[in-house]
Amino acid sequence: MEKRLLLPLCLCWALSAGGAERSGLPNLLILLMDDMGWGDLGVFGEPSKETPNLDQMASEGMLFPNFYTANPLCSPSRAALLTGRLPIRNGFYTTNAHARNAYTPQEIVGGIPDSELLLPELLKKAGYVSKIIGKWHLGHRPQFHPLKHGFDEWFGSPNCHFGPYDNKATPNIPVYRDREMIGRYYEDFKIDLKTGEANLTQIYLQEALDFISRQQSSQQPFFLYWAIDATHAPVYASKHFLGTSQRGLYGDAVREIDDSIGKILKSLQNLSISENTFVFFTSDNGAALISAPKQGGSNGRFLCGKQTTFEGGMREPAIAWWPGQIPAGHVSHQMGNVMDLFTTSLSLAGLQPPSDRHIDGIDLSPAILQGKLIDRPIFYYRGNEMMAVRLGLYKAHYWTWSNSWEQFSQGIDFCPGQNISGVTTHTQEEHTKLPLLFHLGKDPGEKYPISFSSSEYQEVMEQIFPQVQLHKKTMVPGEPQLNMCDKAVMNWAPPGCEKLGKCLEPPKSNPKKCFWPH
């Protein structure tokens with residue numbers, strides 16, 4: 001792997017064009033997809049090869065085939081990215097039941113705690129202007145909104161684009177510009193569930209282009225968090241892209257995203273700020289195989305999908321792009337995690353992560369800029385339980401579970417066509433004394449457990465056990481934010497609703513424990 005010195009990097013920052021170079025700091029752009037799988041990109045082997053811009057991004061940058069999320073579900077993953085901390089530390093988990101996935105539907109009472117320090121909050125110290133475009137998902141109540149946690153601008157929604165609702169039993173989800181709603185999904189921002197047509201990706205694209213253009217002439221570097229959701233069911237695409245993919249509607253959505261990313265990168269080049277802008281593309285969790293193939297993507301050769309801690313639920317597509325700084329066309333076998341984007345972004349901004357709390361994300365800049373490999377474990381969490389750990393090429397499952405027999409019998413299948421006896425279990429199986437061990441290089445599909453009696457098993461577990469013991473010894477869980485639900489806190493009367501005549505009457509408060517089936 002090629003190694004590069006950091007001295008030329010600093011020189012390039014000082015010489016490049018745009019507003020950021022006057023501060024000597026790079027712009028930061030995170031492209032976070034929603035439920036997009038590892039196998040959805042041509043560069044990762046998707047047969048129809050319908051992602052030319054992302055494939056070109058990889059050829060001009062660095063590909064990370066071993067990049068992970070911090071949780072196989074959207075809200076906890078996003079909380080981890082923006083705090084650099086596992087969801088069990090930042091509160092984005094539930095203790096209502098063991099090893100349950102939880103997120104932030106409309107009725108959730110909690111959200112990102114004020115005690116957590118988010119990336120845009122910290123970047124302000126270096127003079128960054130920050131914007132989020134798309135899905136927030138860290139709490140829809142006003143005290144949890146992005147502008148309360150460091151972002152300067154917001155265009156998007158606090159929740160998934162589920163609906164339409166009747167505004168009686170359930171309100172339609174609001175869309176915000178900064179602190180106030182400007183409409184609701186299905187009312188003012190149309191999504192046609194029959195055809196899959198919606199213009200949202202084009203709106204999100206224009207928001208990104210406008211923000212980048214404004215910031216190019218400013219005196220401040222920017223952080224843009226482009227968190228769009230077209231590949232989350234119900235999947236959508238604009239009219240121009242409908243019916244253009246060999247993969248159906250889901251492929252149409254991927255093609256539009258790919259086209260949009262190509263336009264964003266071209267904009268950076270046209271504005272002469274590409275060499276001063278660090279761009280990272282990834283996804284929040286694996287493809288939702290339960291929705292596939294019409295409404296879900298591909299996880300390639302990996303086992304299962306979203307909601308599980310098998311590779312298909314946790315391993316993500318990932319590309320780093322920074323012309324002139326990142327060596328083009330390289331593949332890094334560095335193990336990465338969405339939490340590393342927090343620490344790496346701070347490092348590139350010349351900032352240290354907070355020292356008053358445990359930060360799980362590591363600084364990947366030596367791997368990205370110098371081709372170095374950093375030894376580190378990857379911990380796979382589902383709710384309040386550490387399910388598995390990866391060290392090097394080996395993965396040890398301490399618990400296995402896909403979902404319950406009850407859910408499975410109702411047709412809810414997170415591993416369609418991939419049943420592996422003793423692995424994709426429908427009861428929670430504990431393996432803490434004798435973890436199931438797999439070699440992910442030889443067996444990426446987690447089909448062939450290494451024999452407990454083999455010397456290989458003994459030697460590897462002698463390395464893994466101390467890592468797990470140290471991790472658990474230093475684990476201090478945060479206050480769980482995803483335990484309580486109450487229909488009274490739904491999006492009945494968001495800020496700004498009175499100006500639009502869209503305020504709705506909430507029901508009487510009746511808080512109760514949320515039910516998380518899997």
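Which of the lysines could a cross-linker bridge to Lys239, judged by Cα under 23 Å and excluding same-chain residues fewer than eight apart?
Of all the lysines, those that pass the test against Lys239 - Cα under 23 Å, at least 8 places apart if same chain - are Lys49, Lys135, Lys190, Lys194, Lys263, Lys266, Lys294.
Can you list the aspartates and glutamates whose alpha carbon sits under 12 Å from that of Lys512, skipping same-chain ones fewer than 8 residues off?
Glu107, Asp486
So which trypsin sites (Lys or Arg not before Pro) in region 374-479 pass both tests, a DSSP loop state and at most 15 other Cβ atoms within 10 Å of the Cβ?
Qualifying residues, ordered by number: Lys433, Lys442, Lys447.
What percent antiparallel are the DSSP beta bridges of the chain, to the nearest 5?
55
Multiply the residue separation of Lys472 and Cys503 by 0.36 nm, subtract the distance between their alpha-carbon atoms, and state the gained length in nm to one decimal.
Roughly 6.5 nm would be gained on extension.
For the chain, report the accessible area per residue in Å² (1.4 Å probe, heavy atoms, rounded to an integer).
37
Net charge within 9 Å of Gly150 by Cβ-Cβ distance, Lys/Arg positive one each and Asp/Glu negative one each, not counting Gly150 itself?
Local net charge: 0.
I want the local charge near Pro354. Using Cβ-Cβ distances under 15 Å, sum +1 for each Lys or Arg and -1 for each Asp or Glu among the other residues.
Value of the local net charge: -1.
Which cross-chain or sequence-distant (5 or more) residues have an amide H under 5 Å from the amide H of Tyr176, H modelled 1.01 Å from N in plane?
Residues meeting the amide H criterion: Gly156, Ser157, Ile182.
If one computes the Cα centroid of region 207-232 and of region 357-392, what distance in Å separates the two points?
Between the Cα centre of region 207-232 and that of region 357-392, the gap is 27 Å.
Taking H as built 1.01 Å from N, whose amide H comes closer than 5 Å to the amide H of Thr51, not counting residues under 5 places away?
Under 5 Å from the amide H of Thr51: Gly42.
By the scheme Lys and Arg +1, Asp and Glu -1, what is the net charge of all other residues having a beta-carbon under 14 Å from that of Leu341?
Combined, the nearby Lys, Arg, Asp and Glu give -3.
Starting from the Cα of Glu456, step 7 Å along the direction of its Cβ; do the same at Ile412; then give the gap between the two resulting points in nm.
A separation of 3.6 nm, rounded to one decimal place.
For Lys131, which aspartates and glutamates qualify as cross-link partners when the Cα separation must be under 12 Å and same-chain residues fewer than eight apart are set aside?
Glu121, Asp152, Glu153, Asp178, Glu207, Asp210
Return the distance in nm (one decimal) between the two label points of a simple spin-label model at Asp188 and Glu430, each offset 7 Å from Cα along Cα→Cβ.
5.2
With a ≥ b ≥ c taken as the square roots of the eigenvalues of the C-alpha gyration tensor of region 177-334, please select rounded if a/c is under 1.5 and otherwise prolate if a/b is larger than b/c or oblate if it is not?
In terms of gyration-tensor shape, oblate.
Between (1) 24.6; (2) 23.2; (3) 26.5, which matches Kirkwood radius over Cα pairs in Å calculated for the structure shown?
Computing Kirkwood radius over Cα pairs in Å and matching it to (1) 24.6; (2) 23.2; (3) 26.5 gives (2).
If one computes the Cα centroid of region 60-92 and of region 251-297, what distance in Å separates the two points?
Taking the Cα centre of each part, region 60-92 and region 251-297 sit 17 Å apart.
Check which residues have an amide H placed less than 5 Å from Asn337's amide H, if you skip close sequence neighbours.
Tyr68
I'd like to compare 110-119, 335-344, 73-82, 274-283: which one has the highest average count of other Cβ atoms within 10 Å, and what's the full order after that?
Per-residue mean Cβ counts within 10 Å order the peptides as 73-82, 335-344, 274-283, 110-119.
The values are calculated or read from the model by the stated rules, or taken from the named source; none is laboratory data. Note that the structure is a prediction, hence the values are computed from the model and not measured. Glycine gets a Cβ as well: all are built from the backbone with ideal geometry, and neighbour counts include every protein chain shown. Calculation scope for accessible area: heavy atoms of the full protein, side chains included, ligands and nucleic acids excluded. Shrake-Rupley method; radii C 1.70, N 1.55, O 1.52, S 1.80 Å.
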